[in-house]
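One structure is given below, encoded as structure tokens.
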Amino acid sequence: GLVYAFDEVDGGEIIVDGHVVARVRRGEARKSLDVLAPEAEQVVLRLMFADARNPEFEMALWNADLPASTGSPTEALRLGRRWLSHVEALMKR
């Protein structure tokens, strides 16, 4: 795994079906989650880092095509929002 210091965290995004719906980024105003997508096919959390070799990491929070998916798109968005709050808190340190 990769290990990053707090100051290397640049931000995070929630992506629903290929569209960024929420974002926190160092030096930018927060783009709050203002959509609900109960019929979403895919919900992804993208974490961004100050690292030229590994600048981002994407984690699927919901994928309707995977039979092992549990929960719902709504639960995935709620989890993603919590992650963005954590990322924002790290960037304020």
| request: Roll a 1.4 Å probe over the protein chains and send me the accessible area per residue for the chain in Å². | output: 65 Å²
| request: Compute the acute angle (0 to 90°) between the alpha-carbon long axis of helix 73-92 and the principal axis of greatest extent of the alpha-carbon atoms of the chain; round to the nearest 10°. | output: 10 degrees
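If R0 is 25 Å, what FRET efficiency do you get for residue 52 and residue 26 from their C-beta distance, rounded to 0.05? Could you put the intermediate results ahead of the total?
On the way: r = 16 Å, r/R0 = 0.65.
For residue 52 and residue 26, the calculated efficiency is 0.95.
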| query | Which ³J(HN,Hα) values in Hz, rounded to whole numbers, follow from the phi angles of the range 14-24 under the Karplus curve 6.51 cos²θ - 1.76 cosθ + 1.60, where θ = phi - 60° and Gly and Pro get x? | reply | 10, 10, 10, 6, x, 10, 6, 10, 7, 7, 10
| query | Residues with amide H under 5 Å of residue 10's amide H, sequence separation 5 or more or different chain, H placed in the peptide plane at 1.01 Å from N; which? | reply | 48, 49, 50
| request: Report, by chain and number, residues whose modeled amide H sits under 5 Å from the one on residue 41, excluding near sequence neighbours (fewer than 5 apart, same chain). | output: 17
| message | In whole Hz and in residue order, list the ³J(HN,Hα) couplings for the range 42-49 that follow from phi through the Karplus curve 6.51 cos²θ - 1.76 cosθ + 1.60, θ = phi - 60°; x for Gly and Pro. | response | 8, 10, 10, 9, 10, 9, 10, 10
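The values are calculated or read from the model by the stated rules, or taken from the named source; none is laboratory data. All of these numbers come straight from a predicted model, not from anything done at the bench. We place every Cβ from the backbone using ideal geometry, glycine too, and count neighbours over all the protein chains shown. Ligands, DNA and RNA are excluded from the accessible area calculation, which covers all protein heavy atoms including side chains. Shrake-Rupley method; radii C 1.70, N 1.55, O 1.52, S 1.80 Å.
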